[in-house]
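Inspection log for the structure reproduced underneath, given as structure tokens.
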Amino acid sequence: MFENLTEKITSAFNKLKGKGLIDEASLSDALREIRIALLESDVSISVAKDFINRVREKSLGKEVIKSISPGQMVIKIVNDELTELLGSESYEVNLKSKPPALVLMVGLQGSGKTTSSAKLANWIEKNKSKKVMMASLDIYRPAAQEQLITLGNQNGIHVLPKQDNKKPLEILKLAKKEAEKNDFDVLILDSAGRNHIDEKMMKEIKEISKFTNFTEVLFVSDSLTGQDAVNTAQSFSEKLDLTGIILTRLDGDGRGGAALSMKETIKKPIKFIGIGEKLDDFEVFHPDRIANRILGMGDVVTLVEKASEQIDKDEAEKLQKKILKGRFSLVDYAKQLDQLTKMGGIQGFLKYLPGMAGLKEKVEQSVENNDIFKKQKAIISSMTKKEKSYPDIVKASRKLRISKGSGTSVQDINKLLKQFKKMSQMMKKMGKNKNFENMMSSGQLGDIQSLMNKNKLQ
């Protein structure tokens, strides 16, 4: 996310770090690079210009000049201004209305409206404990209604059955009636899109939006389209009373132009972001966290939140007891690998850690590590119950059998056993640590990751 922008801004900051005094000339050089980086990232000229002017004005103030570390102070100013540019604070979906709360999804065809509708429904059910229904108002795109129904069926979300020979407004009325009848808390409506903005589409959406009071009218936009996304959002904002924005495909956006320009131009908050193809790849947009990631400072808060979602508390307590007793088996090791895999493997950690953004070789290494994870899980699955509990008994003949069953080599098995031995030794040391119990109870289960990074899985 925003790798290109991060790399160039970091390069500009390097010229300021370590300077005992920040003069106007050195500041101008750094800000010039940042301005170019913003423009190359498809940030609008006016937004980039205003941003640089604000940073310049604050960086030449008395507080920076008198600061012990002027370079770091400038970085803080840039961070604060980036956060403000991105929206200053986070917003969630507004559901404060008489049930069902109505949420209308609008945007161009191909922006990810249908998928985002399902992702939002899933997020609301998981995080707000609300009963959600979805309905498609798209009668133009082939199989549009079927797509939403499929997504709903796959994820246990109720969807209005396909409606043939009905106009969008008729479908809306029918969906609202069914939602009221079956006590749904939220009704999400996926509207039709077009390849471009046209009068017919806008007239239809305006007609739908005026039919009833919507708690949310969310504009869904593909972040990869950059400034085009901002221009399209502007057009929709002029016709509709938008309440917020959902940016999709932000995980593949190396520039960040749409995210950085949207709030300043449209004057509406980015509420959610799509960061992958899975239903759970959907997050509340936190401007401060995104600003940190752009500046290469990582996003540890989000990492901890994701970890807490994946870590089973009961399993964590069981593991704690085993470690305290000096018992740590290959079964436990495999469970830890599963937790890492659910979070995206080592890649899932790297992109949130400070100083890791933009380090291509680290990401490439993480891909290799993720492949090793798959091999190791296959090896463990091919072992007997006794072998998993007592890996020391795994000698030559057993290794040959396991390698055939797992589709791996004896060398792969040797690497696993060596790695597990190191892991076991570390766990025993941890069990003797007085602070271990507190660490475990706070959810800090990053042991495998740290060890693997240290030993490079060899």
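Exactly one condition in (1) under 17 Å from residue 336 (Cβ atoms); (2) exposed (fewer than 13 other Cβ atoms within 10 Å of the Cβ) is false for residue 388; which is it?
Of everything listed in (1) under 17 Å from residue 336 (Cβ atoms); (2) exposed (fewer than 13 other Cβ atoms within 10 Å of the Cβ), residue 388 misses just condition (2).
Considering region 147-166 alone, what residues qualify as being out of contact with any helix residue (DSSP H, G or I) (no Cβ under 9 Å at 6 or more places or on another chain) and under 17 Å from residue 105 (Cα atoms)?
149
Kindly evaluate residue 43 against the criterion of being part of a helix (DSSP H, G or I) and either modelled with pLDDT under 85 or under 20 Å from residue 2 (Cα atoms) (or both).
On the way: part of a helix (DSSP H, G or I): no; either modelled with pLDDT under 85 or under 20 Å from residue 2 (Cα atoms) (or both): yes.
Taking the combined requirement at face value, the residue does not satisfy it.
Name the one entry in 314, 280, 241, 251 that is modelled with pLDDT of 60 or more and over 30 Å from residue 103 (Cα atoms). Let's see the steps before the verdict.
Numbers: 280 fails: over 30 Å from residue 103 (Cα atoms); 241 fails: over 30 Å from residue 103 (Cα atoms); 251 fails: over 30 Å from residue 103 (Cα atoms).
The match here is 314.
Of all residues in region 3-18, which are surrounded by 15 or more Cβ atoms within 10 Å (Cβ to Cβ) and either at pLDDT below 70 or in a loop (DSSP other than H, G, I, E, B) (or both)?
Keep residues of region 3-18 that are surrounded by 15 or more Cβ atoms within 10 Å (Cβ to Cβ), which gives 3-10, 12-13, 16.
Listed by number, the list holds a single entry, 16.
Among the residues in region 287-310, are any under 17 Å from the mean Cα position of the chain (by Cα), modelled with pLDDT of 80 or more, of a type outside the set (Val, Ile, Thr) and in a strand (DSSP E or B)?
No, that holds for no residue.
The values are calculated or read from the model by the stated rules, or taken from the named source; none is laboratory data. No experiment lies behind these values; they were computed from the predicted model shown. Virtual Cβ from ideal backbone geometry, glycine too; neighbours counted across all protein chains shown.
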